[in-house]
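Heads up, the thing below is written out as structure tokens.
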Amino acid sequence: MNKTKAYAAQSASQPLAPFELNRRDPRENDVQIEIQFCGVCHSDIHQARNEWGGSTFPMVPGHEIVGVVKSVGSQVKKFKLGDRVGVGCFVDSCRVCTSCMEGLEQYCTDGMIGTYNSTENDGSPTYGGYSSQIVVDAKYVLHIPESIPMDAAAPLLCAGITTYSPLMHWKAGPGKKVAVIGLGGLGHMAVKIAHAMGAEVTVLSQSLKKESDGKRLGADHFFATSDPSTFTKLAGTFDLILNSVSASVDVNAYLNLLKRDGSMVLLGVPDKPAEVGAFGLIGGRRSLAGSLIGGIKETQEMLDFCAKHGIASDIELIPIQKINEAYERMIKGDVRYRFVIDLKSLPLG
Ligand code: NAP
Ligand code: ZN
Ligand code: ZN
């Protein structure tokens, strides 16, 4: 067993605080990773505060993990000591269902094993990346391209793949008009990636406060959703809308911004279900869909795409001691555009 320093929530109503856990000794197919940086996703907040229900405690959040390989099991061929690696939202899956066989492990029919707030096949709880090290089966570990700085690479493991996957699936590219609702962690990656794919990108943010950032990140247009005229001006405009908002919004108002045959994809997971009127859909043969992160193969493809296009996350590096403050700031939309924890700040000993 490997003693590991971490930060954990002991219950849904308590702030995160120092915690110690044991990682398993690496098995023959495992990679032991010294964690350098971990991104802070809004899903960490939803789960640490049990907003989706079913959270288990103590919880060590964190699924945007990057670090270096510290040791490998005897059967590991893909990685060696010192390699720059990443771990995203899941650390295992059944490996035999059609989704797993097609490299879409996130849709595993048995349920993927989450990086935290989940249970390993041997019954032990999983603990995430707000910690000094992690041991993961090599099949679920990614290579981080040399050209991407490690701290700015961390958010690609969730925010990057969660936006890349639907942009690929719904074929964002030249001639396509893509809107992104919410310019946070997911939203800013969606803007960068959709722009690199050649789509015409519009940001729909609550106010115009982030307009110059949005344009710098690659948006062609920027509108405030607090201005009712946005919804009349942009009616029938978009081929694809990615909704990255962490809170409930009026889905019907946004469906009306789609062209005939356009799709709106839900990425955000607010605690309350959305109410959807049929007219917004039938009136333009529109689709309302959802998308969950991405598989291992596509995550590696996304990392290589980001390296090729010089894309990484815009981050604010924090010591782990500031994690509770960072959560509060994210809830207020005050993040530009992803908090990343520097794990060097974990107390030693
Ligand atoms: P984030 O960094 O906090 O960004 C969310 C953004 O939504 C905010 O920056 C803000 O943008 C906007 N927003 C926040 N509150 C709002 C409100 N009340 N009304 C309208 N807009 C609001 O969060 P994130 O990490 O990107 O995650 C976003 C959501 O995606 C979360 O629910 C998370 O759990 C979910 N998620 C889903 C997947 C998946 O696989 N589908 C993966 C990761 C995360 P503006 O200031 O620009 O308005
Ligand atoms: Zn996430
Ligand atoms: Zn499976």
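Values quoted throughout were computed directly from the atomic coordinates according to the rules given, and no laboratory measurement underlies them. Predicted model, so just to flag it, every value in this text is computed and none were measured. Cβ: placed from backbone, ideal geometry, glycine included. Neighbour counts: every protein chain shown.
Starting with the highest mean, order 317-329, 126-138 by the number of other Cβ atoms within 10 Å, averaged over the residues of each peptide.
126-138, 317-329
Any of K171/K272; K3/K308; K192/K272; K3/K80; K70/K139; K77/K344 with alpha carbons more than 26 Å apart? Name them for me.
K171/K272; K3/K308; K192/K272; K77/K344
Which of the peptides 114-120, 215-221 is most tightly packed, and how do the rest follow, judged by the mean count of other Cβ atoms within 10 Å per residue?
Taking the mean over residues of other Cβ atoms within 10 Å, the ranking is 114-120, 215-221.
Toward the positive end of the charge dipole of the chain, about the Cα centre and with charges on Cβ (Lys, Arg +1; Asp, Glu -1), which of G123, G187, A235 goes farthest?
Most positive-ward Cα: A235.
Going by average Cβ neighbours within 10 Å, how do the peptides 47-58, 147-158, 242-253 rank, with the highest at the top?
Order by mean packing, descending: 147-158, 242-253, 47-58.
Cα centroids of the range 95-152 and the range 296-347: how far apart, whole angstrom?
18 Å
Using a simple spin-label model with points 7 Å from Cα along the Cα→Cβ vector, what separation in nm is obtained for L81 and R95?
Each label point is offset 7 Å from its Cα along the Cβ direction, giving 2.6 nm.
Let me check against my output: what whole-number percent is the relative contact order of the range 97-177, with C-alpha pairs under 8 Å and at least 6 apart?
It rounds to 11 percent for the range 97-177.
For the range 307-347, what does the relative contact order come out to in percent, with C-alpha contacts under 8 Å and a separation of six or more?
Over the range 307-347, the number comes to 54 percent.
Work out how much length V68 to K209 would gain on full extension: take 0.36 nm times their residue separation and subtract the Cα-Cα distance, in nm to one decimal.
47.0 nm
Could you give the length gained by full extension between K171 and R216, i.e. 0.36 nm per residue of separation minus their alpha carbon distance, to one decimal place?
Taking 0.36 nm per residue and subtracting the Cα distance, the gain is 13.9 nm.
Could you put E275, E211 in order, starting from the residue whose Cβ has the fewest other Cβ atoms within 10 Å?
With the fewest neighbours first, E275, E211 line up as E275, E211.
Tell me, what is the percent relative contact order of the chain, built from C-alpha pairs under 8 Å that lie six or more residues apart?
RCO, the chain: 18 percent.
For the chain, what is the mean residue ellipticity at 222 nm derived from helices alone (per DSSP H run of n ≥ 4: -39500 (n - 2.57); sum divided by total residues; nearest 500 deg cm²/dmol)?
Value at 222 nm, helices only, nearest 500: -6500 deg cm²/dmol.
Report the label-to-label distance for N252 and I331 in nanometres (one decimal), using points 7 Å from each Cα along the Cα→Cβ vector.
Those two pseudo-labels are separated by 2.9 nm.
Based on alpha-carbon centroids, what's the gap between the range 19-65 and the range 163-197 in Å, whole number please?
With the range 19-65 and the range 163-197 each reduced to a Cα centre, they are spaced 27 Å.
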